Amino acid sequence: MDVTVKFLGGAGTVTGSRYLLDLGDFEFLVDCGLFQGRKELRRRNWDKFPMPPTDMEAIVLTHAHMDHIGCLPKLVKDGFRGPIYCTAATAELAKILLLDSGKLQEEEAEFAKKKGYSSHENPAPLYTVEDAEAVFPLLVPKDFKKPFSIHSSVEVTYYHAGHILGAAIVKIVIKGDKQTKKLVFSGDLGRYHDPILYPPTLIPEADVVWIESTYGDRISTPVKPEEELARAINDVFDRDGLVIIPAFAVGRTQLVMYYLYQLVKKGKIPDVPIYLDSPMAINVSTLYKDFHQDHQLIGVLDDTDQHPFQHSQLHYFRKQEQSRTLNELKGKAIIISASGMATGGRVLHHLFHHLPNEKNGVVFVGYQAEGTRGRRLVDGEPEVRIYGQEVPVKAKIYSVEGLSAHADQNELMEWAEGFGEKPKLAFIVHGEERSAGVLAQKLKDELGWNTIIPNYLESFMLFEGI
Ligand SMILES: [Zn+2]
């Protein structure tokens, strides 16, 4: 048996993860992500697959971030009908996120049509909400640490990767006619000291490894994010202001809720009302109860108990009307609302109403990409455009570091050192050119690894005649 891999994404960029494995009589994909960011990357989402999706037999997912699952609806629309394996939590998260993505794609196409900036007469969405729903029946949830077979000669096992709820490292064992080979995909690796999620599992052996390199060139500063968060919040409350925290619905929101709960318990911030104003973030938070075995947060199972996701000062606002009541809110309170970079979502109307008041504060808890409204605020622009109006930025803007869900360079190396024997080959994926290059060099210098930084659409023969 010959085994080849083709990089259909996640090569030279952090988005569009999809690796096509070809065993001759069986072709399957690991991850099926969306390209995000620059236009030339996003254009790839429309590229034809190198083979008809009807010919592909299975998909194995690592986790539910859009850059790992966001292309599924398109593939299903184009004819893919095979099983999509994932952990149970990933399946539930995927449903929430794909529906949202379908809605966004529809809105974008509608917007392009209205503004007339598309080169197409009638710009079509990449996929619709209906296309997203068509993915659901194909999802096949699997347990962590229990091997399952996806083909007579291919066995898959999921291990905790940290990062986000349900995220997995994937081990794939291929039984050839003469030899058995092990492939390990890191997926996205989380932190080794996450208060909610388990640390990434160390895997003792592999023939070929795919290792992510998002922060391959960065070492996190040893700051305690909860202390920075407390400082920012107390600064705003000293002025009797209101705190707005733009946060992503998956992971970051829950981490912020966790720290806020701890800070109140330790008396480091006042016990004030916290409004979680994002239906998606609320839906995601409830999954922590359903999948309590996939994280280390205590107390989420007990309805009567007080825990970070359920306490008397925490208010879940699902309805638009509830959200609107917060426009009049004054004084000490905290609003957590998506999106994390203030590019859309309900946080926009909170910013619209509360940015002009110098007492208030906006606390960013994650990286703000170039070109986003969040970045403009962090960069100190005196005005930002929201709903077609210039809104004066009188509120104070804060940035809290250290809440990233990604392993830094030291943690990536720690995971790499977990292989008792060095793998024969390692592909450095899911990283910009610089971070992938720095990690590759470090793996080579310190661990003697044989590394390759693959290019988009590049193919490699992994094993011949096994
Ligand atoms: Zn991820």
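The values are calculated or read from the model by the stated rules, or taken from the named source; none is laboratory data. Keep in mind it's a predicted model, so treat the numbers as computed, not measured. When we count neighbours, we look across all protein chains shown, and the Cβ atoms used for this are built from the backbone with ideal geometry, even at glycine.
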- line: When every residue in region 35-51 that is more than 16 Å from V135 (Cβ to Cβ) and not charged (D, E, K, R) is compared, the one farthest from the ligand (Cβ to nearest atom) is M51
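For (1) aromatic (F, W, Y); (2) in the same structural domain as G437 (by the TED database); (3) not in a loop (DSSP other than H, G, I, E, B), each residue gets a yes or a no:
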site	(1), (2), (3)
A124	no, yes, no
E130	no, yes, yes
S149	no, yes, yes
E155	no, yes, yes
Y159	yes, yes, yes
G190	no, yes, no
H193	no, yes, no
I203	no, yes, no
A206	no, yes, no
statement: Scanning region 137-176 for residues that are of a type in the set (S, T, N, Q) and either surrounded by fewer than 17 Cβ atoms within 10 Å (Cβ to Cβ) or farther than 14 Å from Y85 by Cβ (or both) gives S149, S152, S153
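Quick grid of which residues meet (1) over 24 Å from M341 (Cβ atoms); (2) assigned to a helix (DSSP H, G or I); (3) at pLDDT 95 or above; (4) away from the ligand (no atom under 16 Å from the Cβ):
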{"site": "S404", "(1), (2), (3), (4)": "no, no, no, no"}
{"site": "F427", "(1), (2), (3), (4)": "yes, no, yes, yes"}
{"site": "G431", "(1), (2), (3), (4)": "no, no, no, no"}
{"site": "R434", "(1), (2), (3), (4)": "no, yes, no, yes"}
query: What is the number of the single condition among (1) in contact with a Phe, Trp or Tyr (Cβ under 9 Å, 6 or more places away or on another chain); (2) within 16 Å of the ligand (Cβ to nearest atom); (3) in a loop (DSSP other than H, G, I, E, B) that A89 does not meet?
result: (3)
message: I'd like to check something: does region 52-70 contain any residue that is within 15 Å of the ligand (Cβ to nearest atom), out of contact with any Phe, Trp or Tyr (no Cβ under 7 Å at 6 or more places or on another chain) and of a type in the set (D, E, K, R)?
response: yes
field: Single condition K103 does not satisfy, out of (1) within 29 Å of D294 (Cα to Cα); (2) surrounded by 20 or more Cβ atoms within 10 Å (Cβ to Cβ)
entry: (2)
- request: Please specify each residue of region 51-65 satisfying the condition of being of a type in the set (G, A, S) and touching a strand residue (DSSP E or B) at 6+ places or on another chain (Cβ under 7 Å).
  value: A58
- prompt: When region 179-188 is examined, which residues are found to be assigned to a loop (DSSP other than H, G, I, E, B) and either hydroxyl-bearing (S, T, Y) or modelled with pLDDT under 95 (or both)?
  reply: S186
statement: Scanning region 406-422 for residues that are small (G, A, S), assigned to a loop (DSSP other than H, G, I, E, B) and more than 16 Å from the ligand (Cβ to nearest atom) gives G418, G420
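For (1) exposed (fewer than 14 other Cβ atoms within 10 Å of the Cβ); (2) at pLDDT below 95; (3) over 18 Å from V243 (Cβ atoms); (4) not assigned by the TED database to the domain that holds G162, each residue gets a yes or a no:
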{"site": "K266", "(1), (2), (3), (4)": "yes, no, no, yes"}
{"site": "K289", "(1), (2), (3), (4)": "no, yes, yes, yes"}
{"site": "V300", "(1), (2), (3), (4)": "no, yes, yes, yes"}
{"site": "H307", "(1), (2), (3), (4)": "no, yes, yes, yes"}
{"site": "L326", "(1), (2), (3), (4)": "no, no, no, yes"}
Search result, residues across region 167-178 that are within 14 Å of the ligand (Cβ to nearest atom) and either in a strand (DSSP E or B) or in contact with an Asp or Glu (Cβ under 6 Å, 6 or more places away or on another chain) (or both): A168, I169, V170
- prompt: How about region 355-401: which of its residues are part of a loop (DSSP other than H, G, I, E, B) and under 20 Å from the mean Cα position of the chain (by Cα)?
  reply: V365, G366, Y367, Q368, A369, E370, G371, T372, V400, E401
